[in-house]
Every structure is written in structure tokens, then in C-alpha cells.
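S.K.: Supplied in C-alpha cells, the structure appears directly below.
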Amino acid sequence: MKRLIDVERARAEYEAKKESSDESEKEEEKPKSPIKARPQTPANNEDYERKESQRPKFEKIRQKTDAKKEEAAQKFKDGDYINAIKLYKQTAELLDAALEDFPLFKKEISQLEGIIYNNIAFCYGKD
């Protein structure tokens, strides 16, 4: 009986310590510095306006790359790794050309290229 009481008391103490440590962690998570991260925007208003004016054209390129990427993914699922690699490489070339035409979208294009090259590597791993 005494052992059962000791276990219950130990559990209560453990829960109390856990709650107090959770509260102290929450306090530590608050940022110490009032400095905020700068938003990712173009360098000036003119660049921003130019980027927004080019966005519809870029979205068309993005749709083309997404279509090719989906087609390649289907080839990959079917086990046709060679053709999947070819399609992914065509998509990467399309993105390279887009980078020359749309330098303001460098971040977005680089992210898409990273995904494409990862998929190519995965295809080579399966092949």
C-alpha cells in the first residue's frame, strides 16, 4: 500500500516538474531581439512592378514545366525510368531558358530546378 502511494506521489511530482519545464521553455522560445526578418521582395518598386508584369508569362512557363514533370512522374511510376529522365532533363532545360528570360524569378526557378534534379537523381538510383 505504501509503495502505491509513493508511486502516485512520484507521478504527481513528475507532472508538476514537467509543467513547470514546459512553461520555462515557452518563455525561452520568445525572440530575444526585436529585429525582424526582412521580407523577400525585389530591390525596389520598379523591380517589383516589372516582376508583377512578367508574372503571367512566367506562370505559363510554370504550367508547361508542371505538365512535363507530371508526365515524367507517370513514366517513373510505370517503371520507364529512361524516358522519365529524358522528360525531367527537358524540363530542366526549359527552366534554364526561363532563367535567362525571367531573372527576377530566380528564386522560384531555382526551387523548381532543385526538385527536377532530385527527381533525375532518384530515377538514376532506380535504373
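Read-outs: derived from the displayed coordinates by stated rules, not from any lab. Just so it is clear, the model here is predicted, and its values are computed rather than measured. As a convention, Cβ positions derive from the backbone with ideal geometry for all residues, glycine included, and neighbour counts pool all protein chains shown.
S.K.: How far, in nm, would the chain grow between residue 10 and residue 115 when pulled straight, counting 0.36 nm per residue and subtracting the alpha carbon separation? Don't jump to the answer; show the numbers that get you there.
M.R.: Details: separation 105, 0.36 × 105 = 37.80 nm, distance 5.11 nm.
Between residue 10 and residue 115, full extension yields an extra 32.7 nm.
S.K.: Once phi is turned into ³J(HN,Hα) by the Karplus curve 6.51 cos²θ - 1.76 cosθ + 1.60 with θ = phi - 60°, what whole-Hz value does each residue of segment 75-84 show in order, with x for glycine and proline?
M.R.: For segment 75-84, the Karplus curve yields 4, 4, 4, 6, x, 8, 5, 4, 5, 5 Hz.
S.K.: Further question on the same structure: In Å, what Kirkwood hydrodynamic radius results for segment 56-127 from the alpha-carbon pair distances? The partial results should precede the final answer.
M.R.: On the way: mean 1/r = 0.0821 Å⁻¹.
In segment 56-127 this quantity evaluates to 12.2 Å.
S.K.: Please give the peptides 83-93, 116-126 ranked by average Cβ packing (other Cβ atoms within 10 Å per residue), highest first, as a rough proxy for protection. Don't skip to the answer; put the middle values down first.
M.R.: Details: 83-93: 19.0, 116-126: 15.0.
Ranked from most to least packed, the peptides come out as 83-93, 116-126.
S.K.: I would also like to ask the following. Would you mind checking the pairs 51/86; 89/126; 57/107 and listing those with alpha carbons more than 21 angstrom apart?
M.R.: Working: 51/86 31 Å; 89/126 16 Å; 57/107 16 Å.
Going by Cα-Cα distance, 51/86 fall outside the 21 Å limit.
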